[in-house]
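**Student:** Have a look at this one before I ask anything.
The values are calculated or read from the model by the stated rules, or taken from the named source; none is laboratory data. All values reported here derive from a predicted model rather than from experimental measurement. Cβ: placed from backbone, ideal geometry, glycine included. Neighbour counts: every protein chain shown.
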Amino acid sequence: MQLKEFLPRVLNEDLIKMLHRVRTSQTIMEKIVKEKEQLRQRCLHLQSRLDAVQTECQKEREEKLLLREQLWQSRAEMQQQAEFCSGLGSVTCSLLWSCSAREDIVTLWLADGKLQPFLAVAAQTLESFARSLDEEIKVPTEDHDSHEHQFVLALTGTITNVAAVTCGRDTLAISAHGLLNVVMKLLELMKPGVFPKLKMLMLMALYNVSISVKGLKYISENRGFMPLIWSLLDEKHWEVCLHSLRLLQSVLLEEDIPLDIGSSLLDPDLRSRVSRLASSVQPSLKLTAKQILEDLQALQQVQQSTHNEALNSKHVKRHVV
């Protein structure tokens, strides 16, 4: 009877709720313990992987240091080889330049079929040099001791001498248009005051090619020819201006001047630039500029009368360097 009386008081709703909470807590604790064990196992697995990765990373780091050391050694060896090849090319091309001053040597090269491969290599070399300038590599001053500069200089000198020979200039005018384009592109890319000797040799080569009717036709029909001449007439080096005038004079002496070139030649700005050079203290530059002014005047008369005998009385000379 007492149990009946007191049991409902003990087993009330609060006790039942508390027992339910205890049971739920036990379930949660069991779940937490299980998850903790899973996390511990996962942590051990990740630690094992981390140790393996660290070991592999250390191994790769050591291999990287070894490869870097080998790379430095390879770069040093390649630099030595490049300097050797550059020096060898410079010396060889300088000898070739000297040999090309003889007309019979150039004729022999052409007869033996060795001139065309040489012109192809020359075009590739000058194009590579042009790309280096196109990438805005800074060349503050002309380095006369540079093997690369001496190599390109001797190569251009050889081309100039080849163009001084009749058979050589005909070959350049007919089957070396790519080389002529690269030469004009180089003249356009080189900054004012930089590589004046190289510019002179290139202008002399173009002048020699212009002695050929086909060569003159190809050069004068190039769209960038007149803008190039205009820019070169503002050069600081007087000899560059002189050879630019001579090349311009070669075009002026042509009877059949292209229409667009003819209009450019009669531009007052061109006459103004030539007039400034006619006041130079250098005798040869002054004389050539005055001749150009006379030729421009004669061209103007030809445009009016379509005939001028004075243009046919000039005598052209080839350049041999």
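**Student:** Report the residue count in the stretch 280-302 for those that are part of a loop (DSSP other than H, G, I, E, B) and of a type in the set (Ser, Thr, Tyr).
**Tutor:** Number satisfying all stated conditions: 1.
**Student:** When you go through 271, 246 one by one, which is the residue that is more than 30 Å from residue 167 (Cβ to Cβ), in a helix (DSSP H, G or I) and not hydroxyl-bearing (Ser, Thr, Tyr)?
**Tutor:** 271
**Student:** Another one. Does residue 25 count as of a type in the set (Gly, Ala, Ser), over 30 Å from residue 160 (Cα atoms) and modelled with pLDDT under 90?
**Tutor:** Taking the combined requirement at face value, the residue satisfies it.
**Student:** Related question: Before we move on, is residue 62 of a type in the set (Asp, Glu) and within 23 Å of the chain's Cα centre (by Cα)?
**Tutor:** No, not satisfied.
**Student:** Between a residue in the stretch 263-285 that is in contact (Cβ under 8 Å) with a residue 12 or more places away in the chain and any residue that is assigned to a loop (DSSP other than H, G, I, E, B), which pairs come within a Cβ distance under 6 Å, given they are 6 or more apart or on different chains?
**Tutor:** Within 6 Å, the pairs are 273/233.
**Student:** In addition: Filter the stretch 185-198 for residues that are surrounded by 17 or more Cβ atoms within 10 Å (Cβ to Cβ) and either among the polar types (S, T, N, Q) or within 14 Å of the chain's Cα centre (by Cα) (or both) and give the result.
**Tutor:** Within the stretch 185-198, 185, 186, 187, 190 meet the criteria.
**Student:** Pull up the stretch 105-127, narrow it to residues that are among the polar types (S, T, N, Q) and over 11 Å from residue 155 (Cβ atoms), then point me to the one that is surrounded by the fewest Cβ atoms within 10 Å (Cβ to Cβ).
**Tutor:** 116
**Student:** Can you tell me which of 172, 155 is closer than 24 Å to residue 86 by Cα, outside any loop (DSSP other than H, G, I, E, B), modelled with pLDDT of 90 or more and among the hydrophobic types (A, V, I, L, M, F, W, C)?
**Tutor:** 155
**Student:** Identify all residues within the stretch 106-132 that are farther than 17 Å from residue 161 by Cβ, in contact with a helix residue (DSSP H, G or I) (Cβ under 6 Å, 6 or more places away or on another chain) and either outside any helix (DSSP H, G or I) or hydrophobic (A, V, I, L, M, F, W, C) (or both); write none if there are none.
**Tutor:** Matches in the stretch 106-132: 129, 130.
**Student:** Here is a check on your reading of the model: is residue 30 more than 60 Å from the chain's Cα centre (by Cα) and on the phi < 0 side of the Ramachandran plot?
**Tutor:** yes
**Student:** State all residues of the stretch 177-204 that are small (Gly, Ala, Ser) and either in contact (Cβ under 8 Å) with a residue 60 or more places away in the chain or at positive phi (or both); if no residue qualifies, say none.
**Tutor:** Within the stretch 177-204, just 193 meets the criteria.
**Student:** If you don't mind, another one. Out of all the residues in the stretch 199-218, which are in a helix (DSSP H, G or I) and over 22 Å from the mean Cα position of the chain (by Cα)?
**Tutor:** 204, 207, 208, 209, 210, 213, 214, 215, 216, 217, 218 - these are the residues of the stretch 199-218 that are in a helix (DSSP H, G or I) and over 22 Å from the mean Cα position of the chain (by Cα).
**Student:** Same structure again: Mind checking which residues of the stretch 58-104 are closer than 30 Å to residue 169 by Cβ and among the hydroxyl-bearing types (Ser, Thr, Tyr)?
**Tutor:** 86, 90, 92, 94, 98, 100
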